[in-house]
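In what follows, a single structure is set out as structure tokens and then discussed.
Nothing in this text is a laboratory measurement; each read-out follows from the coordinates by a stated rule. None of the values given here were measured: they were computed from a predicted structure. Reconstructed Cβ throughout: ideal geometry from the backbone, glycine too, with neighbour counts over all protein chains shown.
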Amino acid sequence: MDNIESIIQEVSGKDSSVLCREVTSIGDTMDVLRSKWVPEILTAIICGNTRFTDIQAAVHGLSDKVLADRLRQMTEDKLLDKTECYGYPPRVEYRLTEHGKRLYAIVYQMTEWGQEHRSIMIK
């Protein structure tokens, strides 16, 4: 709770032009998370599913095409590293970058907040 109070004090001391830039940054974050399946894919990879078929099995209802599109976009957004493993059969593995791990931490915090919010609303 002390951390929340210090954040609120820090924000209340900023001028409006700084806050407007920060709101734009929030929009950037939400644009990434708004892409359907991104939080689910991040979670699947964090749980150890690094290959295409493993990710698809972990995220129910996700088509081949959409998964391929999201993995490509997440790689372009520097959230994932793509590694081609040569051998027979050849395979591709995906891992979270440090940037992706930071985003996952935000997703996890949003999950905690959502659970807390749901319990407050149910009471």
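Is there any pair with a first residue in the range 93-108 that is under 14 Å from Met74 (Cβ atoms) and a second that is polar (S, T, N, Q) whose Cβ atoms are under 6 Å apart and which are 6 or more apart or on different chains, and what are they?
Final answer for the pair search is Glu93/Thr50; Glu93/Thr83; Tyr94/Thr50.
Out of all the residues in the range 63-85, which are of a type in the set (D, E, K, R) and under 16 Å from Asn49 (Cβ atoms)?
If the condition is that a residue be of a type in the set (D, E, K, R) and under 16 Å from Asn49 (Cβ atoms), then Asp64, Arg70, Asp81, Lys82 are the ones that fit.
Please go through the range 29-64 and pick out each residue that is in contact with an Asp or Glu (Cβ under 8 Å, 6 or more places away or on another chain) and closer than 13 Å to Leu80 by Cβ.
Val32, Ala44, Thr50, Arg51
Can you tell me which residues in the range 72-92 are touching a residue at least 40 places away in the same chain (Cβ under 8 Å) and either surrounded by fewer than 14 Cβ atoms within 10 Å (Cβ to Cβ) or touching an Asp or Glu at 6+ places or on another chain (Cβ under 9 Å) (or both)? Break it down into steps so the answer makes sense when it comes.
Quick first cut of the range 72-92, residues touching a residue at least 40 places away in the same chain (Cβ under 8 Å) only: 77, 79, 91-92.
Matches in the range 72-92: Arg91, Val92.
Scan the range 60-80 residue by residue and report those that are under 14 Å from the mean Cα position of the chain (by Cα) and either farther than 17 Å from Trp37 by Cβ or in a loop (DSSP other than H, G, I, E, B) (or both).
Correct list: Asp77, Lys78, Leu79.
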